[in-house]
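Input: a single structure, listed below in structure tokens.
The values are calculated or read from the model by the stated rules, or taken from the named source; none is laboratory data. Just so it is clear, the model here is predicted, and its values are computed rather than measured. Don't worry about glycine lacking a Cβ; one is built from the backbone with ideal geometry, like all the others, and counts go over all protein chains shown.
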Amino acid sequence: MKVAICGAGNVGTSIATDLAGEGHEVLLIDKDVELVERLRSQLDLTLVAADGCEVSSLDAAGFASVDVAIAATGDDEDNLVISLLSKQEFAVPRVIARVNNSKNQWLFNESWGVDLSVCMPLVMTALVEEAVSVGSLVRLLQLERGHASLVEVTLADGSPAVGVNIAHLDIPRDATIVAVVRRDRLVVPRGDTVLEPGDEVLALVTGQSESAVQSVLVGD
């Protein structure tokens, strides 16, 4: 798989190194010429000094043959432009964008060519909430361009789901329970799995089914 990463900062370089180590063909782009030259002697992958916000630069770098594009700069405006060009000008099948400011998260959608956005401040907030919240639904990750989410609920003693078989829960058709963590042990959910207080229940939900799943696992 050919992966192009725009932004050779700590985030972009780390992603590039990991992907190259997994055997992927990696193209790392940054407009800082001195940084690119410095990294050439450190990284065993293709580096290009170019502006990812210019169509001609991306074309010269070989974006027409890229399978995945990652906009990983430290500037949200640049990441949006890179995403849009990747999708509209080069029809890159999968575009992933880094969100630096959580207030800009709403912009990173399919209108800007973004298939998946990753906002570390929001991820860290969700992980903190997941660690301290019992009886609350916590959204861990957005998927499918924001149309689906991975959510987590730690079941409280009074949860309506406690003592009930998963098969008997009124889970909507467009949602599913994908895992249960019980006393630090992963339980693969089956129809006859009975939920217990303290279970960490992970579910995939759509925007339409999230409130219904919350009602089932948390209560009204």
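Summary of values
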{"read-out": "Unique residue being closer than 12 Å to L137 by Cβ and surrounded by fewer than 15 Cβ atoms within 10 Å (Cβ to Cβ) when the list is G158, G219, G163, G191", "value": "G219"}
{"read-out": "Residues of segment 25-64 that turn out to be among the aliphatic types (A, V, I, L, M) and touching a Ser or Thr at 6+ places or on another chain (Cβ under 6 Å), as a count", "value": "2"}
{"read-out": "Members of segment 60-88 found to be among the aliphatic types (A, V, I, L, M) and in a helix (DSSP H, G or I), listed by number", "value": "A60, A61, A64, L80, V81, I82, L84, L85"}
{"read-out": "Selection within segment 175-196 - in contact with a Ser or Thr (Cβ under 7 Å, 6 or more places away or on another chain) and not in a strand (DSSP E or B)", "value": "A175"}
{"read-out": "Pairs, first within 20 Å of T206 (Cα to Cα) in segment 159-180, second loosely packed, with under 15 Cβ neighbours inside 10 Å, C-beta under 6 Å, six or more apart", "value": "I166/G191; A167/G191"}
{"read-out": "Any pair with Cβ under 9 angstrom, 6 or more apart, that starts in segment 100-114 at a residue that is loosely packed, with under 14 Cβ neighbours inside 10 Å and ends at one that is acidic (D, E)", "value": "N101/D76"}
{"read-out": "Any pair with Cβ under 6 angstrom, 6 or more apart, that starts in segment 69-90 at a residue that is assigned by TED's automatic domain parsing to the domain that holds G9 and over 14 Å from A50 (Cβ atoms) and ends at one that is among the basic types (K, R) and modelled with pLDDT under 95", "value": "A72/R98; N79/R98"}
